[in-house]
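What follows is calculated from the coordinates using simple rules that are stated; it is not laboratory data. As the structure is a prediction and not an experimental result, all values here were calculated from the model. Please note: Cβ atoms are built from the backbone with ideal geometry, for glycine as well, and neighbour counts cover all protein chains shown.
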Amino acid sequence: MATALKVTALLNGLIAIGHAVKGIEMFVQNKTHYQTLPRVTTTQYQIGWYQGCALFSIIALLNLRWSTTGLDHTTDKLIAVLVSGTYLCSSYFYRTVNDSAQWLTFVGGAAQIYAAFIA
């Protein structure tokens, strides 16, 4: 289980970095689309995007911690269920708009389930 959780931590860390890089690409390098939106909408979108980066980083750190302590409390298991559910629900909703995000979020959810409950 410890190795699977470390791999899942690494995966989530890479997802966090990729998410941040995509945000920089969207908001800094490709501003034309966002210049047509009201400023408050663009700001809220950016804040939410970078909150997602923080969430993926938190998930990575949780998995790293769990790799040493295990999921020994009910709260830890509930967090793992919520993380898996969030990834898998996101994957389901991405299916019609973003194929790469669909598969990446599916892999994130599947890895979390495997590491937390099967390995």
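By the helix-only formula, in which each DSSP H run with n ≥ 4 contributes -39500 (n - 2.57) and the sum is divided by residues, the chain has a 222 nm mean residue ellipticity of -27000 deg cm²/dmol. Sorting 7-16, 32-41 by average packing, meaning the other beta carbons within 10 Å per residue, from highest down gives 7-16, 32-41. Taking the longest Cα principal axis of the chain as reference, the axis of helix 39-69 is set at about 20 degrees. Working from the Cα coordinates of the chain, the gyration tensor eigenvalues give, after taking √(5λ), semi-axes of 30, 14, 12 Å in decreasing order.
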